[in-house]
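Taken together, the values in this text are just the output of simple stated rules run on the coordinates, not laboratory data. Keep in mind that what you see is a predicted model, and the values were worked out from it rather than measured. Glycine gets a Cβ as well: all are built from the backbone with ideal geometry, and neighbour counts include every protein chain shown.
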Amino acid sequence: MRIALVLAASLCAGAAFAQDAPKGSAERGKKLFAELNCYSCHGTHAQGGGRNSEPPIPAGYPWQGFLNQLRKPRLDMPAYEEKLVSTQEVADMFAYFSSIKAAPAEKNIPQLRNF
Amino acid sequence: MTKARKSTQDDESGLDRRKFLKGAAAAGAMTAAAMTAATKVAQAAEAKPAKPEGEANMRGDSFIARPGSDFMLDVIKTLNIDYIASNPASSFRSLHESIVNYGGNKKPEFLTCMHEESSVAIAHGYAKAAGKPMGVLCHSSVGLQHAAMAVYNAWADRVPVMMFAGNGMDANKRRPGVEWTHCVQDPAGLVRDFIKWDDQPASLQHFAESTVRAYKMAMSPPQEPVLITLDIDLQEEAIHGEKLSIPKLSLSAPPQADERALREAARMLVAAQNPVIVADRCVRSQEGVEALVKLAETLQAPVICTGNRMNFPSTHYLNLSESRPGLVRNADVILMLEVQDPWGMLHGMGDPWKDVRRAAKPDVKVIQISLADFMMKSNYQDFQRFQPADLAISGDSQTSLVPLTDAIKRELSSARASEFAGKADGLRKRHRDMKERMKTAAALGWEASPVSTARLCAELWNTIRNENYCLAVSDRIAWPKRLWPTTKYTNMMGGSGAAGVGYSAPGAVGVALANRDKGILTVTLQPDGDLCYAPGVLWTAAHHKIPLLIVMYNNRGYVQEVMHLQRMAGLHRRDPKTAKVGTMIYDPEVDFGKLAQSFGVYGEGPISDPNAVGPALARALKVVKSGAPALVDVVCQLR
């Protein structure tokens, strides 16, 4: 829910979409994601989970909103300035997030059927 | 003197210790078997006088006919205390010996602990599951210092613990050296800010009266730890020249809220359009759970459980705990039942700018039923920010639930009752939707390695779902509360109280000990950082054959602190990559499976493959069902 709110705010701030993102490397983005310790909140595979029960960027998440959230985050996320994380590096992480497969539907997971 | 010398001769001629004790019993001391009957008599009838014993000890004596610690144990036995957790120490060596020989090491049984913090945390968890306190023995100085944080946890969690601290008051009798460093003028001063009561008895009769008083006070809501100091000389010197008696224990009835105040609360709740019930440390038993269900159903009011107690079944459609923000935002009347942080329920605060966000309507009416006014002290700030209430009622929440429900029924017209009944379908749908949201969220990262916390909790549930289960520590990882069907008070035992790290492992052992004889399977999700505080508790679990399924939630770090460091680095415009320094537990990584094995506990792991978790848990469950602890180390996502 928190992420969804962030997303909504970011959408207002910037109207650019995924196709507007600079070309990035998903491989470099994954490495950077680990180095920056983003996984402490967003999961090792950027899947969300734990306290934040939604992934950092759902499908169709806009590039500009993603960039805004890193530079001037809302809520508890730390800020990542250009001098610390370049726009190209942000684009790499965006490419990584965009490459992550969607979670399986819960109805297809036997262990979740008992709840 | 003469008697002691005779005993020496007997001993040398082959009389064993037991026979010696029997001889002492013949002279008036009570055997363990006799004590069982005495316990019943003392609890059921008038105070039972103890016969004066022997003579004062003098230099040159070889034996003590009947030490004061025997009488101390007689007193403790009348309180029906089953266990005393302790790391052995010389300042209570006499009582220790009385427990194991004079008392036969039964009721209480001595639990060998490897840290005083573990002793108290075991007692903390035990008390929540058993519904009565355990004893703890420690040095008044170094032992109590070790124990202090766990005492604070128990205080914040409102749990009774009977603490006993050995101390030597008479400086003329202290042995030189260590005994001086282990003696304190005012031992309880160390913990007085977070215990309910303490005393330092100067005589055995004083001990009897203060110990029974302490137990009575600890058990009266708000329940809290208490501390009795055990003077070394009182323990070790022979009982002499005293007419001793043990006062009858008579627990106080819990304080019920004022009837007129409850009527006013009932009027407010019946008139409300969107009443919400918030239950924190509200109930202490299944009876309380059922009473809260009746209250909520009468009002058709949704319930938010904070997780510190299992107040309300997660399977009930009125349990909307995971929809808290919306419920609080739309509520016009909120009934808070023993809520530790009422202000925090109505507000949020940004970090680090401390900007306050109102989470509820400005005109929401707040009713508080709480005993907070009766336990508040000045120094430690666990009482939280002041929140004015429209109707503040002092009283024990559990005891007040039935009369409040009755008052609501009296206020409820048939038309209003019909309106309430009309809400049920909508609330049922909301509950179903909430559960579906949780399952959808649990699917995220399902195949991830390390294992997602949701997957771990789902795998654990599937392993134990046919058991009468108890999750020993249930406040730190949200997924069991979100997913698991809980119907019984004993299903979830809350958390540490003060978030003092190190509670989870010993607290779970204490819960498992209480559940051992009830046929309840105890499981726990054990954070790695917490277990690293005092892992010796694994040995205690193995040694005392305490069945407990320990599932490591091993994220290899103090991850909350990683997040704090990241935020600070961002605010300071510095490198966020350094957040692992001082926060992560790797290089080398701890092998908790081997750690468990080294303490004599079945251990498996580390497991990073999510598909390997279920089979490993099934193997460990077999061990636990055979009556022993088992540990499965699962390497998990960080949150």
Practice item. Please provide three numbers in whole Å: the alpha-carbon extents of the protein assembly as shown along the principal axes, with the largest listed first. Key: 101, 67, 47
Review point. What list of ³J(HN,Hα) couplings, whole Hz, do you get for region B:449-459 from phi and the Karplus terms 6.51, -1.76, 1.60, once you set θ to phi - 60° and write x for glycine and proline?
Key: 10, x, 6, 6, 5, 5, 4, 4, 5, 5, 5
Check your understanding: From the backbone phi of region B:210-223, what are the Karplus-calculated ³J(HN,Hα) couplings (6.51 cos²θ - 1.76 cosθ + 1.60, θ = phi - 60°) in whole Hz, Gly and Pro given as x?
Key -> 6, 5, 5, 4, 4, 4, 4, 5, 4, 8, 7, x, x, 6
Point to revise | D (Stokes-Einstein, µm²/s), Kirkwood Cα radius, region B:443-635, 1.002 mPa s at 20 °C | key: 126
Review point. Can you list, bin by bin at 5 Å, the percent of alpha carbon pairs in region B:179-295, starting at 0?
Key: 2, 8, 12, 15, 13, 11, 9, 8, 7, 5, 4, 3, 1, 0, 0
Review point. How big, on average over all directions, is the shadow cast by the Cα convex hull of region B:448-505, in nm²?
Key: 4.7
Check your understanding: Once you wrap a convex hull around the alpha carbon atoms of region B:226-349, what is its projected area averaged over all directions, in nm²?
Key -> 12.9
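In percent, how large is the relative contact order of chain B, given Cα pairs closer than 8 Å and 6 or more residues apart? Present the calculation step by step, with values, prior to reporting the outcome.
On the way: 1356 pairs, mean separation 82.9, N = 639.
Value for chain B: 13 percent.
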Exercise for review: Using only Cα atoms, find the angle between the long axis of helix B:504-516 and the longest principal axis of chain B, and express it within 0 to 90 degrees, rounded to the nearest 10.
Suggested key: 80
Revision key, fill the gap. For the table A:K107/B:K481; A:K101/B:K594; B:K294/B:K481; B:K439/B:K580; A:K72/B:K354; B:K294/B:K545, the rows whose alpha-carbon distance is greater than 28 Å are A:K101/B:K594; B:K439/B:K580; B:K294/B:K545
Practice item. For B:V501 and B:N330, calculate 0.36 nm times their separation in residues minus their Cα-Cα distance, and state this gained length in nm to one decimal. Key: 58.0 nm
Review point. Using θ = phi - 60° and the Karplus form 6.51 cos²θ - 1.76 cosθ + 1.60, what ³J(HN,Hα) does each residue of region B:191-202 get, whole Hz, x for Gly and Pro?
Key: 10, 4, 5, 9, 10, 7, 6, 8, 7, 10, x, 9
Exercise for review: Starting from the Cα of B:K488, step 7 Å along the direction of its Cβ; do the same at A:S25; then give the gap between the two resulting points in nm.
Suggested key: 5.7
Exercise for review: Could you work out how far helix B:259-271 tilts from the main Cα principal axis of chain B, as a 0 to 90 degree angle to the nearest 10?
Suggested key: 20
Check your understanding: When every alpha-carbon pair in region B:234-304 is counted, what percent end up more than 13 Å apart?
Key -> 78
Review point. Counting only residues 5 or more places away or on other chains, whose amide H sits under 5 Å from the amide H of B:F110 once H atoms are built in the peptide plane?
Key: B:I84
Point to revise | Where labels lie 7 Å past Cα in the beta-carbon direction, separation of B:M376 and B:K622 in nm | key: 5.6
Review point. If contacts are Cα pairs under 8 angstrom and at least 6 residues apart, what is the relative contact order of region B:82-143 in percent?
Key: 47
Review point. Chain B: D in µm²/s via Stokes-Einstein (Kirkwood Rh, Cα pairs, 25 °C, 0.890 mPa s)?
Key: 92
**Study point:** region B:494-591: relative contact order in percent, alpha carbon pairs under 8 Å with at least 6 residues between
**Key:** 24
Check your understanding: Which percent, to the nearest 5, of DSSP beta bridges fully inside the protein assembly as shown are antiparallel?
Key -> 15
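At R0 = 45 Å, how high is the FRET efficiency between B:C532 and B:A202 if r is their beta carbon distance? Nearest 0.05 is fine.
Values: r = 42 Å, r/R0 = 0.93.
Calculated transfer efficiency: 0.60.
Quote the FRET efficiency, to the nearest 0.05, computed for B:E589 versus B:R465 with a Förster distance R0 of 30 Å and r equal to the Cβ-Cβ distance. If you can, show how the numbers build up before the last one.
Numbers: r = 31 Å, r/R0 = 1.04.
Once the sixth-power term is evaluated, E becomes 0.45.
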Review point. What residues qualify as long-range amide H neighbours of B:H347, i.e. H under 5 Å apart, gap of 5 or more or another chain, H built at 1.01 Å from N?
Key: B:A359
Review point. Where the Cα atoms of region B:521-639 are projected onto their three principal axes, how long is each span, largest first, in whole Å?
Key: 56, 30, 24
Practice item. Of the listed pairs B:K107/B:K243; B:K365/B:K435; B:K128/B:K196; B:K77/B:K216, which have alpha-carbon separations greater than 23 Å here? Key: B:K107/B:K243; B:K365/B:K435
Study note, to complete from the structure: Rounded to the nearest 10, the angle in degrees between the Cα long axis of helix B:397-411 and the longest principal axis of the Cα atoms of chain B comes to 40
Practice item. In nm, give the distance between the simple-model label positions of B:A421 and B:S62, each being 7 Å from the Cα along the Cα-to-Cβ direction. Key: 8.5
**Study point:** Amide H within-cut-off set for B:N319, under 5 Å, with H built and near neighbours excluded
**Key:** B:V303
Exercise for review: Quote the FRET efficiency, to the nearest 0.05, computed for B:S252 versus A:L75 with a Förster distance R0 of 41 Å and r equal to the Cβ-Cβ distance.
Suggested key: 0.30
**Study point:** Label zone at B:A359, where the point sits 7 Å out along the Cα-to-Cβ direction: region B:497-527 residues whose backbone N lies under 18 Å
**Key:** B:497-499
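Are there chymotrypsin sites (Phe, Trp or Tyr not before Pro) in region B:530-596 that DSSP puts in a loop and that have at most 15 other Cβ atoms within 10 Å, and which ones?
Numbers: sites: B:Y533, B:W539, B:Y553, B:Y558, B:Y586, B:F592; in loops: B:Y533, B:Y558, B:Y586.
Passing sites in region B:530-596 are B:Y586.
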